[in-house]
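Visitor: Starting off with a structure, shown below.
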Amino acid sequence: MSCLALHDSARLLLTCYSIVRVIFRDESKMKILTVLILCFVSVAAAEDFKLINGKEYKNATVSRVEPDGIVLLTSAGISKIYFDELPKEMRERFHYNAMKAAAYSAQEDARQNAYQQQQEQLRRKVAEQATRYWTGQDPVKTQKGSPQLPAAAVADRGQQVEVITHGAAVDITKHLAPGNVTIVDFYADWCGPCKQLSPSLEQMANADPQVALRKVDIVNWNTAVAKQYGIRSIPQVNVYNRGGNLVGTVVGVNVEEVKRYIAQAKTGG
């Protein structure tokens, strides 16, 4: 933290102390405790992080510390920074332990492998149901008794909005909408900025027949799809033109920039 930041923090603490003195004469100890908590949270709220490769994250807040790195919240979204990317003093600050980090990574990999196997079994089951449906062997019935297409079959019919993976590796090029502009949204259910952006993307796809939305749920930072596409910050939006070429990438909640890339993609990119 810079000297200027420390100076500002000290001034804020003195201000908090003055407030506490005033409250002490009139209010309960609970209110004093609340003010102190708010003051310390404000002091430790946002700062700049610089990686050993020179990349910087401005006005970032540490939302979570994991054994192998820290998760930062910035105006652009949520980012995972691994400890091997941080300078020594930052590793020491967050009590980095190489053995614990390796064990954590191994545990996450094992958990993700189990999840992928579960998803693969589910995909095979859906595919088998779809095959039986189309061959007339085992039509899927609704509650009223009418046939209903399996989810996989519906997806193949060209939905404008479709989640194409939940953490597993995926070839995005196979899910682009031929002849249309395709938006690929990398997100996670626990990502607040992603939830903020998602309705705008879905509205674009639903309102414009020339635009399709494909959503990639990274699940967490250690999944195969996150590693496959080098996803370090979410939300991230890739915009592809009618020919399947990447026109641009938008990191963070920036609807106007996404719209600009869509307009560019429609004219050929």
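Visitor: Among residues belonging to region 230-269 that are part of a helix (DSSP H, G or I) and without any contact (Cβ under 8 Å) to a residue 40 or more places away in the chain, point out the one that is surrounded by the most Cβ atoms within 10 Å (Cβ to Cβ).
Guide: Quick first cut of region 230-269, residues part of a helix (DSSP H, G or I) only: 255-266.
Remaining after also requiring without any contact (Cβ under 8 Å) to a residue 40 or more places away in the chain: 256-257, 260-261, 263-264.
Numbers: Glu256: 8, Glu257: 16, Arg260: 15, Tyr261: 22, Ala263: 12, Gln264: 15.
Step by step, filter region 230-269, then rank; the result is Tyr261.
Visitor: If you don't mind, another one. Provide a single number: the residues in region 211-229 that are surrounded by 19 or more Cβ atoms within 10 Å (Cβ to Cβ) and either in a loop (DSSP other than H, G, I, E, B) or aromatic (Phe, Trp, Tyr) (or both).
Guide: Of the residues in region 211-229, 5 are surrounded by 19 or more Cβ atoms within 10 Å (Cβ to Cβ) and either in a loop (DSSP other than H, G, I, E, B) or aromatic (Phe, Trp, Tyr) (or both).
Visitor: Determine whether region 164-176 contains at least one residue that is surrounded by fewer than 14 Cβ atoms within 10 Å (Cβ to Cβ) and part of a helix (DSSP H, G or I).
Guide: Start the filter on region 164-176 by keeping residues that are surrounded by fewer than 14 Cβ atoms within 10 Å (Cβ to Cβ), which leaves 169, 171, 173-174.
Going one step further and asking which of them are part of a helix (DSSP H, G or I), we end up with 173-174.
Yes: region 164-176 contains one or more residues that are surrounded by fewer than 14 Cβ atoms within 10 Å (Cβ to Cβ) and part of a helix (DSSP H, G or I).
Visitor: Also, I was wondering about something else. Kindly provide the set of residues from region 187-199 that are over 8 Å from the mean Cα position of the chain (by Cα), surrounded by 14 or more Cβ atoms within 10 Å (Cβ to Cβ) and closer than 15 Å to Glu162 by Cα, ordered by number.
Guide: Ser198
No value in this document is a laboratory result; all are computed from the given coordinates. Small disclaimer: the values here were computed from a predicted structure and weren't measured. Cβ coordinates were reconstructed from backbone atoms using ideal geometry, including for glycine residues, and neighbour counts include every protein chain displayed.
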